[in-house]
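*Asks:* Quick one: structure below, then a few questions.
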Amino acid sequence: MGATEHGLPVTGGRETASEVWRLSRGYRLRLAAVGLLGIVSTGVDLIPPVAIGFLVDRVQTGTADLGTVLTVTAVMALSALLGAAGTAVTIVLATRVYHTILATLRERLVGRAMTLPQHRVERAGTGDLISRSSDDVTAVADAAPAVIPVLTVTAFTIVVSLGGLAALDWPYAAAFAVVLPVYALAMRWYLRTGPRVYRAERAAMSARAQQLLESQRGYATVLGFGLADQRHRAVMTNSWSVAVQALRARTVQSMLNARLNLGECLSLAAVLVVGFVLIDHGASTVGGATTAMLLVLRLLGPVNQLLFVIDTLQSALASLSRMIGVVTIPAADAADASTTPSDLATAVRLREVAFRYGDGPPVLDDIGLDIPAGQHLAVVGPSGAGKTTLAAVIAGVHRPDAGTVTRPRRTAVITQEVHVFAGTLRDNLTLAAPDATDRDLRAALDTTGAADLLDQLADALDTVVGAGGHPLTEAQAQQLALARLLLADPELAILDEATAEAGSAHAEQLDRASEAVLAGRTGIVIAHRLSQAATCDRIVVMDAGRVIETGTHDELIAAGGTYARLWAVWQAGQHTSTIR
Ligand SMILES: Nc1ncnc2c1ncn2[C@@H]1O[C@H](COP(=O)(O)OP(=O)(O)OP(=O)(O)O)[C@@H](O)[C@H]1O
């Protein structure tokens, strides 16, 4: 399986083929029936050239009368009708099987994407995953109208027509066969060039999707920092890259076209020359040569189409290998290896943990930490100390570059960006606990201090919130997230909530809600207000990615270090600013 260090994997040809074969299980009999119908339909399609050749000979020998012409016309019309009907049914049946298999693949892709460890998706970029389950699925689905008719019918037409040519007179088949290397060379060139160009096109599309997604997600930041122009330029650069790659792909198609035209010209000329020589030597009739020319003309279409389908097929295969790349990520990687069931005494254990974003400077350095089950730990420190990163590494969002992390299997985290899902309030809560009753939901909202929210909403739990629904304040969204976490009932809860103005009613409300949510479970609080830290069992002070102090509130105050200084500042009335 090919995989870039940071990207999601892409399968090779063999893996893709064997996965498609596995996916076709249950449809193979239907596929065989479709194949048989395809052979019969294309066989019937060969009747008109033979009938025209027969008519030409009759006219040449002066034995054609009106009855012969009418009979030949009727036979041609009937065979054309039967052939078209058979082909249409073949295409419909094949398309149905194709889309059913594709739907199964998409379901598996989405299923696997949902179970991928978050760090894997974060590192590759959410845009890549979205592009694989949208752009790539579309590319594979869009290939159906072109690929299925041609693949199911063309291959048979080639075999049956070549057989017909050989039966007519072997030199005709030989003349066509001599030109085949031209097609073989065209195919070889194309197979070498095409996939690379298409993969680059798809990758450029992924990058553009990622760029757009990031701009939309960080909309508030983009506006707040006046980054609109910069983001616009970045999206333009990506769009230009997509355009360049698309142009390359279309150029390759045009060059393939030129090669196909050459093959067409050579094969018609070869059969014409052979026909002339055979008739000159009395070895063939004009009718025979006519049939041969018509058969070759029939062959040229499918041969060209097959090469063009290979073009679409290459593009679809590039997408397919990206989709299957996600589906076949080994289960060991899908389940986060660093998660182990907690032992009874220690819920979280970190040993020599180091982490950096990409090639950037170390953000966490040699972190060692033990959190006994049931303990509430506060992490404090100046902005940029690495608190959020530490929370993300413990939660499994980021995988450490060095060291080990052990945490309970049921770990939940509330990040600074609380997401309200578009749907009812009930939907938002039952995400975490599908079996929860309305009573449970109300109790959870009550615990997080959001009971009055229900009173404000006309449809109570059935009120639509999130995008397009009833707008929730930031504090309400955080209360909702805390209620969701309460319902999920994890062994370890990590709270890295957005800051609320210290001393404000919201801050006190959220502090109380956080305490209620953490009761009876292990908790890590990224403390943006020192009031949060003071109520925790133990405090870890971080600076520049390292733990510089640890102890209880009283111990750290008595030690007179960084925490004591922070606390003094806090106490001295810096209540309007937050510790970040
Ligand atoms: N996604 C990212 N990519 C690159 N660097 C990052 C990323 N996220 C954070 N950093 C950097 O890592 C360092 C630690 O950031 P982190 O957010 O963990 O600190 P923090 O202590 O939580 O700060 P704050 O209190 O402001 O949230 C900072 O220098 C920050 O710029």
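*Asks:* Can you spot a residue in the range 380-402 that is touching a residue at least 40 places away in the same chain (Cβ under 8 Å), assigned to a helix (DSSP H, G or I), more than 16 Å from the ligand (Cβ to nearest atom) and over 25 Å from Arg529 (Cα atoms)?
*Replies:* no
*Asks:* Quick check: is even one residue across the range 501-515 surrounded by fewer than 17 Cβ atoms within 10 Å (Cβ to Cβ) and within 16 Å of the ligand (Cβ to nearest atom)?
*Replies:* yes
*Asks:* Quick one: which residue in Val222, Val242, Val277, Val235 is under 30 Å from Ala177 (Cβ atoms) and β-branched (Val, Ile, Thr)?
*Replies:* Every option except Val277 fails the conditions.
Residue-wise test of (1) buried (at least 19 other Cβ atoms within 10 Å of the Cβ); (2) assigned by TED's automatic domain parsing to the domain that holds Val140; (3) out of contact with any Gly (no Cβ under 9 Å at 6 or more places or on another chain); (4) at positive phi.
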{"site": "Val271", "(1), (2), (3), (4)": "yes, yes, yes, no"}
{"site": "Val277", "(1), (2), (3), (4)": "no, yes, yes, no"}
{"site": "Leu297", "(1), (2), (3), (4)": "no, yes, yes, no"}
{"site": "Ile310", "(1), (2), (3), (4)": "yes, yes, no, no"}
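*Asks:* Has the range 120-133 got at least one residue that is modelled with pLDDT of 85 or more, farther than 30 Å from Leu297 by Cα and not β-branched (Val, Ile, Thr)?
*Replies:* Within the range 120-133, none of the residues are modelled with pLDDT of 85 or more, farther than 30 Å from Leu297 by Cα and not β-branched (Val, Ile, Thr).
*Asks:* Can you pull out every residue in the range 532-572 that is within 15 Å of the ligand (Cβ to nearest atom) and surrounded by fewer than 16 Cβ atoms within 10 Å (Cβ to Cβ)?
*Replies:* Matches in the range 532-572: Asp543, Ala544, Arg546, Ile548.
*Asks:* Considering each of Leu480, Leu431, Leu441 in turn, give the residue that is under 30 Å from the mean Cα position of the chain (by Cα), modelled with pLDDT of 85 or more and not assigned by TED's automatic domain parsing to the domain that holds Ala220.
*Replies:* Result of the check over Leu480, Leu431, Leu441: Leu480.
*Asks:* Could you please let me know if Ala173 is within 30 Å of Ile52 (Cα to Cα), without any contact (Cβ under 8 Å) to a residue 12 or more places away in the chain and crowded, with 17+ Cβ neighbours inside 10 Å?
*Replies:* yes
*Asks:* Which of the numbered conditions does Ala354 fail, given that it passes all the others? Conditions: (1) under 28 Å from Leu453 (Cβ atoms); (2) surrounded by fewer than 18 Cβ atoms within 10 Å (Cβ to Cβ); (3) of a type in the set (Gly, Ala, Ser); (4) at pLDDT 90 or above.
*Replies:* Failing condition for Ala354: (1).
*Asks:* Among the candidates Val464, Val405, Val379, Val420, which residue alone is at pLDDT 80 or above and within 23 Å of Asp511 (Cβ to Cβ)?
*Replies:* Answer to the selection: Val379.
The values are calculated or read from the model by the stated rules, or taken from the named source; none is laboratory data. Here the structure is a predicted model, which is why all the values come from computation and not from measurement. As a convention, Cβ positions derive from the backbone with ideal geometry for all residues, glycine included, and neighbour counts pool all protein chains shown.
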